[in-house]
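Input: a single structure, listed below in structure tokens.
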Amino acid sequence: RMLYLEGVWPFWLRRNLAVPNTIHFSGIWLLTAPNMAGKSSLMRGVLVATLLANSGLMAPVAAALVPRYDAYFLRTASFDVPSEGKSAFAQEMEDV
């Protein structure tokens, strides 16, 4: 079961403001990057695209090959605001 998403972008931003990503996913993967690098945005985008595609709806991607999933899990901080450019880390630093 391979997940392929081409042209994934943060759906809460205008498409011309975001850099689209292409995802080839099979198995377990570890996503690491510096703060404010877009890890949460990528995870949200992939989850939304797979959920919409599995529901039979149009996903915010250029092309996709999405297997059927039984469950969806996404863990991100509840206090990050990606539409305002604030990650959980940035929000914590602002509060300090």
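The values are calculated or read from the model by the stated rules, or taken from the named source; none is laboratory data. This one's a predicted model, so the numbers in the text were calculated from it and none came from an experiment. Positions of Cβ are backbone-derived with ideal geometry, glycine not excepted, and every protein chain shown enters the neighbour counts. For the accessible areas, the whole protein counts, side chains as well, though only heavy atoms, and no ligand, DNA or RNA atoms are used. Shrake-Rupley method; radii C 1.70, N 1.55, O 1.52, S 1.80 Å.
By definition, a body whose alpha carbon gyration tensor gives a ≥ b ≥ c is oblate when a/c is 1.5 or more and a/b is not larger than b/c, and the stretch 1-52 fits this oblate description.
Taking the C-alpha atoms only, the angle from helix 39-54 to the longest principal axis of the chain is near 30 degrees. The residues of the stretch 3-96 expose, per residue, 68 Å² of accessible area to a 1.4 Å probe.
Between residue 95 and residue 75, what FRET efficiency follows from the Cβ-Cβ distance if R0 is 22 Å, with the result rounded to 0.05?
Numbers: r = 21 Å, r/R0 = 0.94.
For R0 = 22 Å, the calculated efficiency reads 0.60.
What is the calculated FRET efficiency for residue 57 to residue 29, with r their C-beta to C-beta distance and R₀ = 30 Å, to the nearest 0.05? Don't jump to the answer; show the numbers that get you there.
On the way: r = 25 Å, r/R0 = 0.84.
The value I calculate is 0.75.
Kirkwood's formula applied to the C-alpha pairs of the chain gives a hydrodynamic radius of 14.3 angstrom. On the chain, 58 percent of the accessible area sits on carbon and sulfur atoms, based on a 1.4 Å probe.
Springs between Cα atoms under 10 Å define the GNM used for the chain, and in it the highest mean-square fluctuation of 21, 54, 35 occurs at 35.
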